[in-house]
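J.: Shown below is the structure under consideration.
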Amino acid sequence: MADPYKTLGVARDANEADIKKAYRKLAKELHPDRNKDNPKASEKFSQVTNAYDLLNDKDKRARFDRGEIDGDGNPAAPFGFGGGGGGRPQPGGGFRSEGYESGGPDMSDIFEGLFGGAQRSGGGGFASGFGRRPQPKGENVAYRLQVPFVDAATLEPQRVTLSDGKTLDLKLPAGVESGTQMKLAGKGEQGPGGAGDAILTIDVQPHRFFTRDGDDVRIDLPISLAEAVLGGSIKAPTVEKPVMLTIPKGTTSGKTLRLKGKGFHKKTGGRGDQLVTLIIDIPADNKALVDFVEGWAKSNAGNPRGAMGV
């Protein structure tokens with residue numbers, strides 16, 4: 001009878017982590033997808049999976065260690081009887097072990113009809129399928145994806161290379177931000193119950209002049225003194241392409257203008273705005289400007305902070 005500890009190559013006092021590690025290594029080596037021309041590998045894969053199922057179940061492992069069940073999970077035969085457990089003498093002189101009987105009628109077909117086509121178990125019995133643990137999927141694989149600020153704002157698809165070397169184009173979700181997680185089903189490691197998932201965590205990279213404010217984009221935009229005083233139309237960068245922005249006459253530094261629908265895509269639909277804060281750029285050491293302001297200040301001695309009491 002197979003010993004699950006020997007099948008996985010672990011000690012009897014191995015902890016859960018050691019058992020899982022051993023199983024993952026063997027399952028990866030013996031998986032049928034990697035051994036299509038090797039039926040023995042498929043058989044060993046089944047044995048490894050059964051051993052892991054038993055040792056991964058604390059109750060079954062304890063019962064096996066006490067000798068109450070065998071390596072296939074069947075009740076151990078009492079009084080020295082072998083052959084799959086639960087065996088007992090039958091009135092007709094035959095010996096029955098769950099699914100078969102020597103010297104008497106085979107009742108397994110009846111049971112199979114009752115249970116809708118039960119599968120025979122490795123110890124000669126059959127499993128009805130009720131309560132059978134599903135095969136575990138492979139491990140999930142974690143990735144961190146660096147997304148440029150502008151790509152996040154415009155939902156530009158991102159090319160992703162997975163651990164197996166395959167690439168795919170990832171569509172970003174509306175409302176994407178740093179910390180957003182995306183699941184790629186079936187793109188993780190292989191396991192007996194199928195592949196796990198790939199879990200991508202998004203990191204939106206900072207921009208050299210754009211910043212984010214919720215679903216809005218902010219930018220400090222320099223303008224000249226002449227543009228502030230006289231007004232006019234200037235080009236302003238956005239996350240998509242430059243647009244024309246109208247500067248009112250007499251604009252003061254710090255004034256904020258709004259460009260509708262030029263921000264991030266919202267989870268609820270639509271887009272945020274771009275908020276443009278105007279910063280007047282005063283040239284340094286411009287003698288003509290200094291002379292003009294000195295003359296202008298003599299006839300315009302008002303205090304712009306007077307309303308604040310200073």
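J.: Name the residue that is farthest from Val141 (Cα to Cα), counting only residues in the stretch 176-188 that are of a type in the set (A, V, I, L, M) and outside any strand (DSSP E or B). Let's see the steps before the verdict.
T.: Going residue by residue through the stretch 176-188, those that are of a type in the set (A, V, I, L, M) are 176, 182, 184-185.
Imposing the further condition that a residue be outside any strand (DSSP E or B) reduces the set to 176, 185.
Working: Val176: 21, Ala185: 11 Å.
So the residue we want is Val176.
J.: Right, something else. Provide a single number: the residues in the stretch 248-274 that are in a loop (DSSP other than H, G, I, E, B), crowded, with 17+ Cβ neighbours inside 10 Å and not basic (Lys, Arg). Even if it seems obvious, please write down each step before you answer.
T.: Going residue by residue through the stretch 248-274, those that are in a loop (DSSP other than H, G, I, E, B) are 248-255, 260-264, 266-270, 272-273.
Next cut, crowded, with 17+ Cβ neighbours inside 10 Å only: 251, 262-264, 272-273.
Checking which are not basic (Lys, Arg) leaves us with 251, 263-264, 272-273.
Residues flagged as in a loop (DSSP other than H, G, I, E, B), crowded, with 17+ Cβ neighbours inside 10 Å and not basic (Lys, Arg) within the stretch 248-274 amount to 5.
J.: So Leu200 clears everything in (1) within 30 Å of Thr167 (Cβ to Cβ); (2) more than 24 Å from the chain's Cα centre (by Cα); (3) not aromatic (Phe, Trp, Tyr) except one condition, right? Which one?
T.: Exception for Leu200: condition (2).
J.: Please verify whether Arg34 is under 31 Å from the mean Cα position of the chain (by Cα), exposed (fewer than 14 other Cβ atoms within 10 Å of the Cβ) and either under 17 Å from Gly191 (Cα atoms) or at pLDDT 85 or above (or both), treating the condition exactly as stated. I'd like the intermediate steps shown before the answer.
T.: Numbers: under 31 Å from the mean Cα position of the chain (by Cα): yes; exposed (fewer than 14 other Cβ atoms within 10 Å of the Cβ): yes; either under 17 Å from Gly191 (Cα atoms) or at pLDDT 85 or above (or both): yes.
So Arg34 passes the test.
J.: Give the stretch 275-299 a look and list any residue that's part of a loop (DSSP other than H, G, I, E, B) and open to solvent by less than 70 Å² (accessible area, probe 1.4 Å), or say none. Can you show your working first?
T.: Of the residues in the stretch 275-299, the ones part of a loop (DSSP other than H, G, I, E, B) are 282-286.
Within the stretch 275-299, Pro283, Asn286 meet the criteria.
J.: Can you spot a residue in the stretch 211-227 that is of a type in the set (D, E, K, R), in a strand (DSSP E or B), open to solvent by less than 40 Å² (accessible area, probe 1.4 Å) and touching a Phe, Trp or Tyr at 6+ places or on another chain (Cβ under 8 Å)? Outline the logic, then answer.
T.: As a first pass, look at the stretch 211-227 and keep what is of a type in the set (D, E, K, R): 212-213, 215-216, 218, 220, 227.
Applying the additional criterion that residues be in a strand (DSSP E or B) yields 212-213, 216, 218, 220.
With the extra rule that they be open to solvent by less than 40 Å² (accessible area, probe 1.4 Å), the set shrinks to 216.
Still in the list and also touching a Phe, Trp or Tyr at 6+ places or on another chain (Cβ under 8 Å): 216.
Yes, the stretch 211-227 contains a residue that is of a type in the set (D, E, K, R), in a strand (DSSP E or B), open to solvent by less than 40 Å² (accessible area, probe 1.4 Å) and touching a Phe, Trp or Tyr at 6+ places or on another chain (Cβ under 8 Å).
J.: Could you give every pair whose Cβ atoms fall below 8 Å, whose first residue belongs to the stretch 43-57 and is under 11 Å from Leu26 (Cα atoms), and whose second residue is surrounded by fewer than 16 Cβ atoms within 10 Å (Cβ to Cβ) and of a type in the set (S, T, N, Q), counting only separations of at least 6 or pairs across chains?
T.: Hits for this filter: Phe45/Asn35; Thr49/Gln135.
To keep it simple, each residue is scored yes or no on (1) farther than 30 Å from Ile247 by Cα; (2) open to solvent by 80 Å² or more (accessible area, probe 1.4 Å); (3) in a strand (DSSP E or B).
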residue: Val150; (1), (2), (3): no, no, no
residue: Val160; (1), (2), (3): yes, no, yes
residue: Asp169; (1), (2), (3): yes, yes, yes
residue: Ala174; (1), (2), (3): yes, no, no
residue: Gln190; (1), (2), (3): yes, yes, no
residue: Gly193; (1), (2), (3): yes, no, no
residue: Pro206; (1), (2), (3): no, yes, no
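J.: For Glu43, all conditions in the list (1) out of contact with any helix residue (DSSP H, G or I) (no Cβ under 7 Å at 6 or more places or on another chain); (2) modelled with pLDDT of 90 or more hold save one; what is the number of the exception?
T.: (2)
J.: Would you confirm whether any residue within the stretch 72-94 is at pLDDT 75 or above and open to solvent by less than 50 Å² (accessible area, probe 1.4 Å)?
T.: So far as the stretch 72-94 goes, yes, one or more of its residues are at pLDDT 75 or above and open to solvent by less than 50 Å² (accessible area, probe 1.4 Å).
The values are calculated or read from the model by the stated rules, or taken from the named source; none is laboratory data. Owing to the predicted nature of the structure, the values given are computational and were not obtained by experimental measurement. Backbone-built Cβ (ideal geometry, glycine too); neighbour counts: all protein chains shown. Please note that ligands, DNA and RNA were not included when accessible areas were found on the heavy atoms of the full protein model with its side chains. Shrake-Rupley method; radii C 1.70, N 1.55, O 1.52, S 1.80 Å.
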